[in-house]
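Contents: one structure, followed by commentary.
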Amino acid sequence: MALTKEQKAELVAKFGANDKDTGSVKVQIALLTVQIQQLTAHLKKNIHDASSRRGLQILLGKRRGLLDYYKANDVKGYAEFIKEIGLRK
């Protein structure tokens, strides 16, 4: 369920300013998005897994807060990032 080092490094390289930039908003959103996708796939197979469902809701809330922050600070960058990562507005 967790991201592998290779997956995380790939996302950091793609969305971060450098290879060690794990704290930028874009990288955090990308990492959360991959985790959310993995949990969603897990819950499709295991529909009664309540603890994973709660974890998914927590991750969705975190991502929503980061997206709101990014939108408030950089509207143009937000719109481009949403298209790049494949999220709906």
Which members of the range 62-86 meet the condition of being hydrophobic (A, V, I, L, M, F, W, C), modelled with pLDDT of 95 or more and surrounded by fewer than 12 Cβ atoms within 10 Å (Cβ to Cβ)?
-> A72
Residues of the range 2-34 that turn out to be more than 17 Å from F81 (Cβ to Cβ) and assigned to a helix (DSSP H, G or I), as a count | 5
Would you check if there is a residue in the range 41-52 being at pLDDT 95 or above and within 23 Å of E10 (Cβ to Cβ)?
-> yes
I47 passes all but one of (1) free of Cβ contacts under 8 Å to residues at least 40 places away in the same chain; (2) assigned to a helix (DSSP H, G or I); which number fails?
-> (2)
Residues in the range 24-33: is at least one surrounded by 15 or more Cβ atoms within 10 Å (Cβ to Cβ), touching a Leu at 6+ places or on another chain (Cβ under 9 Å) and among the polar types (S, T, N, Q)?
-> yes
Exactly one of R88, R63 is of a type in the set (K, R), assigned to a helix (DSSP H, G or I) and out of contact with any Lys or Arg (no Cβ under 7 Å at 6 or more places or on another chain), and that one is R63
Answer with yes or no whether L31 is of a type outside the set (G, A, S), at pLDDT 95 or above and touching a helix residue (DSSP H, G or I) at 6+ places or on another chain (Cβ under 8 Å).
-> yes
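The values are calculated or read from the model by the stated rules, or taken from the named source; none is laboratory data. Here the structure is a predicted model, which is why all the values come from computation and not from measurement. Note that we place each Cβ from the backbone using ideal geometry, even for glycine, and neighbour counts take in every protein chain shown.
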